[in-house]
1. Given a cut-off of 26 Å, what percent of all Cα-Cα pairs of region 21-199 lie beyond it?
2. Provide the three semi-axes, in whole Å and in decreasing order, of the ellipsoid equivalent to the chain as defined by the square roots of 5 times the Cα gyration tensor eigenvalues.
3. Looking at region 274-338, which GluC sites (Glu not before Pro) are in a loop (DSSP not H, G, I, E or B) and have at most 12 other Cβ atoms within 10 Å?
4. Separation of region 371-392 and region 407-437 by C-alpha centroid, Å?
5. Just list whichever of 168/368; 489/565; 82/365; 281/356 have alpha carbons separated by over 21 Å in the model shown.
6. Let me make sure I get this right: for region 271-336, a, b and c are the square roots of the gyration tensor eigenvalues over alpha carbons, sorted descending. Under 1.5 in a/c it's rounded, otherwise prolate if a/b > b/c, else oblate. Which is it?
7. Can you compute the helix-only [θ] at 222 nm over the chain? Use -39500 (n - 2.57) per DSSP H run of at least 4 residues, normalise by all residues, nearest 500 deg cm²/dmol.
8. Sorting check: for 176-189, 158-171, 462-475, 139-152, which peptide has the highest mean count of neighbouring beta carbons within 10 Å, and how do the rest follow?
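Coordinate-derived values only; no laboratory data. Keep in mind it's a predicted model, so treat the numbers as computed, not measured. Neighbour counts are summed over all protein chains in view; Cβ atoms, including those assigned to glycine, are modelled from backbone coordinates with ideal geometry.
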Amino acid sequence: MSWLGRELENCDIEEATNLDSKVTVEGRKTGYPRPQLRRSNWICLNGQWRFAYDDSGRCVQPLDITDWTHTIEVPFAPESVKSGIGDTNFHANCWYDREFDVPHAEGRVLLHFGAVDYRARVWVNGQFVIEHEGGHTPFTADITAVLNHSGPQRVTVWAHDDPQDLAKPRGKQDWQVEPHSIWYPRTTGIWQTVWVELVPHTYIDRIRWTPQFERWEIGFEAFVAGDRQSGIQVKVRLSIGCMLLVNDTYEVINSEIHRRIALSDPGIDDYRNELLWSPEKPTLINAQVQLWADGKLLDEVKSYTAMRTVSIQRDRFMLNGRPYYLRLVLDQGYWPDTLMSAPSDEALRYDVELVKAMGFNGVRKHQKIEDPRFLYWADVLGLLVWEEMPSAYRFTRKAVDRLTREWTEAIDRDSSHPCIVVWVPFNESWGVPNLVEAEAHRNYVQALYFLTKTLDPTRPVIGNDGWESTDTDILAIHDYDNNPQTVAKRYGPEVQLADLFDRGRPGGRVLTLDGHPHQGQPMMLTEFGGIACAGRENPDFLRVWGYVRASDTSELQHRYSALLKVVNRVEMFSGFCYTQLTDTFQEANGLLYADRTPKFPIEAIAAATLGWDIPEEIAPPQAITQC
């Protein structure tokens with residue numbers, strides 16, 4: 001690769017993939033849990049914790065727990081096999097406890113939780129330090145003042161997660177004891193990494209990157225926390241490999257920095273393209289950010305960003321100023337033995353690699369705010385992501401408050417990731433079941449659409465994915481008709497859009513609500529397929545769930561190929577999202593089994609995904625498995 005005439009291949013490239021990892025006491029490697037703001041001084045607290053249920057709900061502080069009845073493997077939820085407990089019964093309250101050591105150092109000590117479902121209270125050495133509500137977003141406590149001067153430290157966590165509360169964002173977590181239909185086992189308590197970070201007295205708390213393609217600039221925001229000092233400066237160094245792009249210094253005003261960083265622009269597409277991020281060429285820009293005062297280095301973090309823009313122009317989705325056809329797969333983000341927690345960082349990377357190998361260029365993360373490590377691998381390896389808010393299933397003031405707050409936190413956490421290209425606050429009118437009749441429901445969906453556009457005006461937003469659209473940047477259609485001829489006729493070139501909107505009703509619902517007609521936005525088929533083929537993991541054919549069933553993997557391959565060939569040729573669509581990536585508990589409609597084994601050769605899946613004919617040599621008859 002070259003930039004402004006200089007070759008980069010032979011440089012000592014500092015890649016964004018070179019992140020520090022930690023080995024827990026139990027010997028498991030954990031990738032850095034916050035990839036876009038990295039320091040070398042951190043301690044992973046994943047591993048074995050003391051654990052107890054409190055079904056009576058009477059315990060309110062650590063001293064109330066006198067019998068730690070279990071040992072749990074954090075970060076796996078107690079419902080999961082990998083946790084060492086595997087109890088899927090209803091338990092609304094649970095407690096965690098462990099000791100840890102902190103090396104003596106000047107500065108502050110921060111305690112981070114990636115996610116605790118749903119409400120958490122935390123004590124360190126018996127002192128209350130923080131409370132947080134929201135099962136999918138991180139929170140942090142400064143625990144410096146409560147640390148013991150010598151000896152081990154002790155952290156205790158109470159988690160409350162009412163299994164039948166439908167007014168909280170819960171996504172695909174079932175409210176019945178046993179999973180039914182399209183809902184899965186619950187995830188209670190800690191389910192992402194817990195870690196301790198050593199920072200200076202004055203430190204960089206947050207960073208936000210916003211690529212501005214039209215100006216050939218990178219928007220940069222930094223927020224400083226801790227002890228206030230005067231005369232603070234932030235130095236920013238951007239590079240690709242050994243090629244320095246930017247080395248700037250800015251004054252900090254009121255603990256914040258808001259700047260537009262101009263990159264050298266050769267004005268020639270061939271050179272510009274070397275810096276652009278895309279699934280085909282995921283170029284990342286490494287960032288070193290330093291905090292200085294009076295000639296003294298206070299803090300230093302590493303980060304990364306990318307030059308990437310997404311937009312809507314007429315009826316096309318645009319990536320880096322050019323039409324880009326989206327081939328997505330619906331990804332539930334569950335594993336058989338670990339539920340919503342990935343078994344390992346390698347498992348997250350493997351999922352990204354599998355999706356790309358199957359011919360897709362993106363995923364729609366369904367009803368889950370995914371672990372930042374997944375987004376990191378999507379950034380590094382080049383995979384587009386639609387981020388979707390987990391639904392609440394009741395419409396109440398409390399539900400509105402909870403979901404809005406958590407969605408805002410999710411956008412704040414993830415808006416710097418170049419892989420994220422679309423925000424989806426609602427799916428299929430879940431939590432707003434009376435959109436057609438109830439003005440309050442419509443106002444809520446529209447409010448979340450505009451709130452999302454306010455917080456991040458750089459990405460398209462789908463107000464309600466599937467049907468009953470109000471304000472939206474993409475008209476998303478869910479249609480599980482598996483007859484290729486019917487699909488070709490319903491969305492063919494001779495079809496009048498007015499007929500589709502007035503009488504078509506895929507899924508039995510109107511596509512747009514009165515007062516919100518289609519105004520030329522891109523149209524995408526964002527759920528379809530759902531062909532069940534249970535195979536070896538669900539031998540009871542009658543109990544598995546799917547929209548339609550294939551008798552064996554040969555039929556699955558045939559159905560998938562025929563359906564994708566039609567969908568790829570529908571001119572009115574600017575993309576699609578197939579249901580789904582993996583079998584997930586009783587849902588057997590994945591292209592992969594739950595253990596990520598392909599149901600038919602991955603080369604055949606990729607060919608079909610692209611709408612190609614599948615060569616016979618990559619799908620031999622002996623590969624057929626009975627479903």
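1. Above the 26 Å cut-off, region 21-199 has 28 percent of its Cα pairs.
2. Here the semi-axes work out to 39, 32, 24 Å.
3. Counting only loop positions with at most 12 other Cβ atoms within 10 Å, the GluC sites (Glu not before Pro) in region 274-338 are 280.
4. Between the Cα centre of region 371-392 and that of region 407-437, the gap is 13 Å.
5. Over 21 Å Cα-Cα: 82/365.
6. Oblate, since a/c reaches 1.5 and b/c is not below a/b.
7. That comes out to -4500 deg cm²/dmol.
8. 462-475, 158-171, 176-189, 139-152
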